[in-house]
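All remarks here apply to the structure that follows.
The values are calculated or read from the model by the stated rules, or taken from the named source; none is laboratory data. Because the structure is a prediction, the values reported are computed rather than measured. Glycine also receives a Cβ, built like all others from the backbone with ideal geometry; neighbour counts cover every protein chain displayed.
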Amino acid sequence: AASVPKKAASPSSSNEQSEPLEPFGALIPFADPSWYQGNFSPYFNETHAALRAEVREWMENEIEPNVTEWDEAKRVPEEIYKEMGRRGYLAGLLGVKYPTEYVPNGVKSVPTESWDLFHEMLLTDELSRAGSGGFVWNLIGGFGIGCPPVMKFGSQALKDRIMPGILAGDKRVCLAITEPDAGSDVANLTCEAKLSEDGKHFIVNGEKKWITNGIWADYFTTAVRTGGEGMNG
């Protein structure tokens, strides 16, 4: 198991780290971030070191020994995605305050009130140690771009209905923007949504293509046209 340096009571805020952590990691000059090696950083504290240790242990014991086999099979077991949910990792990859209303238990090694963007960065960094782009994109590719818009712009009713399942790893979400004739040129998309005659529903017509993780998704955060041509439509 990866060691956690200078184990102490977790601060209530990431900004409360007043002195550098004791050196840990490989201790090879320039091979690890400087805050591993006893240098002060205002951004990292014991909670970040604890998260690193937790995720690295999971990666070394359960992921790295199997990832080559998964790459060759072109398939990551669905149980791994569910484990991301059970560990609270999915809820920590949204770029927002940790959503305790949907994942009350959070991540084992980090108090939910202390979670910040540096924890999120560390989590993705440790997942990348698998050395497999396919592995990382399977877990957070579609999720990482499809879920944040729902958290930021979705109605409360929508979030309450779908977020628990998504963050638990039971449901998948993706972002549907690209079309056969419009990808990076988002202003020219043609998929449209028109309000039904009773004014209660939007009816969506059009095509989407090359959607990251779309083949597994239960929900699609979809870019559609509700007005005229161009970027304001």
**Request:** Output the number of residues of the range 16-59 satisfying the condition of being in a loop (DSSP other than H, G, I, E, B) and either touching a His at 6+ places or on another chain (Cβ under 8 Å) or of a type in the set (Gly, Ala, Ser) (or both).
**Result:** 6
**Asked** helices (runs of 4 or more DSSP H) wholly in the range 60-171 with at least 2 residues that are in contact with an Asp or Glu (Cβ under 9 Å, 6 or more places away or on another chain), surrounded by 13 or more Cβ atoms within 10 Å (Cβ to Cβ) and at pLDDT 95 or above - which ones?
**Response** 78-86, 133-153, 156-167
**Prompt:** List the pairs whose first member sits in the range 13-27 and is under 12 Å from Ser41 (Cβ atoms), whose second member is charged (D, E, K, R) and modelled with pLDDT under 90, and whose Cβ atoms are under 8 Å apart, counting only residues at least 6 apart or on separate chains?
**Reply:** Leu21/Lys6
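Here's the yes/no breakdown for (1) among the hydrophobic types (A, V, I, L, M, F, W, C); (2) touching a residue at least 40 places away in the same chain (Cβ under 8 Å); (3) over 19 Å from Phe143 (Cα atoms):
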position	(1), (2), (3)
Ala176	yes, yes, no
Pro180	no, no, yes
Lys209	no, no, no
Tyr219	no, yes, no
Arg225	no, no, yes
Asn232	no, no, yes
**Message:** It is to be established whether one or more residues within the range 128-145 are in contact (Cβ under 8 Å) with a residue 24 or more places away in the chain, in the same structural domain as Gly95 (by the TED database) and in contact with a Gly (Cβ under 6 Å, 6 or more places away or on another chain).
**Reply:** no
**Request:** Scan the range 176-193 residue by residue and report those that are of a type in the set (S, T, N, Q) and either under 12 Å from Lys208 (Cβ atoms) or touching a helix residue (DSSP H, G or I) at 6+ places or on another chain (Cβ under 7 Å) (or both).
**Result:** Thr178, Thr190
**Asked** Yes or no: Thr221 outside the structural domain of Pro104 (by the TED database), part of a strand (DSSP E or B) and within 30 Å of Thr100 (Cβ to Cβ)?
**Response** yes
**Prompt:** Within the bounds of the range 24-35, is there any residue that is modelled with pLDDT of 95 or more and within 30 Å of Asn213 (Cβ to Cβ)?
**Reply:** no
